[in-house]
């Protein structure tokens, strides 16, 4: 059977440097509403609270995510000041570590050739671009999970106690990042590896008792904070409701997503390697059945975790991140082994469509990116002319240029529509105390983060029984603006900003023709 060209022995250093530049550019972008801006605000506020073991949001008790992200970002703020990049720095370093851990995990069962490309597949995926830009708890979780799989696998292979200790630490970090999934995910993969190798006697190893001891010791500060703040319910929430409660329905978070949700989310998160990954995953599953596959835990563990996450009654794309390092290994195998000629053709078409889409996005939808678009067009011609010599490397270089354009052209243009951040910066620059700004029906956590605090809020104009005090400002959307002006005429209009919910990206927001129909106006009035 004819196959596609195989990958070189390792990704060139220049391509790694290009990815590093892309990640650094993403670190400078504004934090996005809703989650990232909220977490950044909580981490900043933690600097000023005496008890760092308790979590608060807007001055109220917070019971949702574990504290690791808030602790690390608060520490980064303390060391480097309040910046976009200092909030993201701990998670970005964790993401880089996840790339290294993916390399080491891949090396357990694969050649050095495959391991190099497994790390690169993860680092160059759309998901990695997102997890180092829109930073939430899942970046830390992903790094901890793949680290536990790698170090736990090393323990199974070598029997060295040190690897077991490091695996226990990684499990604890995963649980501190996002709850019991930090234990469940590596336990599933490593348990399936034992099952496939028929080495159940290793479960009788007395050293395994170190796992609960180390994990519990590292969780103690969090558990103390939960108990002091929420009582026994806080402990139960962490160990059960937060994760398993999403499947049983006990957790309050629910949406209308179906069990097929990740079947259409996973392919675009894996871009540009989707075809390689799916083919490699299928080969690994089939090889495990036929007895030719050494890595029993990875392919079936990824499948079981995919199914378990699909059963959750509340799903978002980033929930699948912890599975991606495993899938990157199988994508790397396909890169090294080559694709059947038909799938290789599909992959080429996919790459070309992605590049054309990027040119449309940067050259037409957000036309300030036209110089990069012209460069992409020239590079695309070079790829077409010389693809038979260096096809893979040329396409990867083009993809790096696309990723650079996303972080330096597309997102900056999009984030200009995050009006809450713009208003917050204005408050900070004008040295206006947050309590002098009244929000009417609009506002968000970016306003609090960039404005250094939260002012008063009412949902509707009708709730105001008196005009705003002299020297106050009002932030309001265009829908309620006429009612406010009719009841309480302002002294002046200070800011008029276009607003979009940038995290909830839609086709209407991207297309210039339909964007005016979904753009709202947020106005700041002076009294």
Total residues in the range 294-332, condition free of Cβ contacts under 8 Å to residues at least 12 places away in the same chain and in a loop (DSSP other than H, G, I, E, B): 1
Hits in the range 308-349 (condition: at pLDDT below 90, over 13 Å from residue 392 (Cα atoms) and in contact with a helix residue (DSSP H, G or I) (Cβ under 7 Å, 6 or more places away or on another chain)): 309, 310, 311, 312, 313, 314, 315, 317, 318, 319, 343, 346
Test: residue in the range 423-430 that is surrounded by fewer than 18 Cβ atoms within 10 Å (Cβ to Cβ), within 24 Å of the chain's Cα centre (by Cα) and touching a residue at least 12 places away in the same chain (Cβ under 8 Å): no
Matching entry among 63, 75, 69, 89 (being free of Cβ contacts under 8 Å to residues at least 40 places away in the same chain, farther than 23 Å from residue 189 by Cβ and under 21 Å from the mean Cα position of the chain (by Cα)): 75
Qualifying residue in the range 172-179 (condition: surrounded by fewer than 24 Cβ atoms within 10 Å (Cβ to Cβ), modelled with pLDDT under 95 and more than 14 Å from residue 217 (Cα to Cα)): yes
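Hey, can you tell me all the residues within the range 26-48 that are surrounded by fewer than 18 Cβ atoms within 10 Å (Cβ to Cβ) and either in contact with a helix residue (DSSP H, G or I) (Cβ under 7 Å, 6 or more places away or on another chain) or modelled with pLDDT of 90 or more (or both)? Lay out the reasoning, then the answer.
Kept after step one, since they are surrounded by fewer than 18 Cβ atoms within 10 Å (Cβ to Cβ), are these residues of the range 26-48: 28, 34, 47-48.
Selection gives 28, 34, 47.
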Some residue of the range 181-194 being under 22 Å from residue 43 (Cβ atoms) and either assigned by TED's automatic domain parsing to the domain that holds residue 65 or surrounded by fewer than 21 Cβ atoms within 10 Å (Cβ to Cβ) (or both): yes
Residue check, residue 505 in contact (Cβ under 8 Å) with a residue 40 or more places away in the chain, loosely packed, with under 15 Cβ neighbours inside 10 Å and not assigned by TED's automatic domain parsing to the domain that holds residue 135: yes
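Restricted to the range 480-495, and to residues that are part of a helix (DSSP H, G or I) and touching a helix residue (DSSP H, G or I) at 6+ places or on another chain (Cβ under 8 Å), which residue is surrounded by the fewest Cβ atoms within 10 Å (Cβ to Cβ)? Break it down into steps so the answer makes sense when it comes.
The initial filter retains those residues of the range 480-495 that are part of a helix (DSSP H, G or I), namely 481-487.
Subsequent filtering for residues that are touching a helix residue (DSSP H, G or I) at 6+ places or on another chain (Cβ under 8 Å) retains 483-484, 487.
Numbers: 483: 15, 484: 21, 487: 11.
Among those residues, the one meeting the criterion is 487.
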Test: residue in the range 78-96 that is in contact with a helix residue (DSSP H, G or I) (Cβ under 9 Å, 6 or more places away or on another chain), outside any helix (DSSP H, G or I) and surrounded by fewer than 22 Cβ atoms within 10 Å (Cβ to Cβ): yes
Count of residues meeting criterion [more than 22 Å from residue 446 (Cβ to Cβ) and not in a loop (DSSP other than H, G, I, E, B)] in the range 496-518: 3
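The values are calculated or read from the model by the stated rules, or taken from the named source; none is laboratory data. Since this is a predicted model, take the numbers as computed values, not measurements. Please note: Cβ atoms are built from the backbone with ideal geometry, for glycine as well, and neighbour counts cover all protein chains shown.
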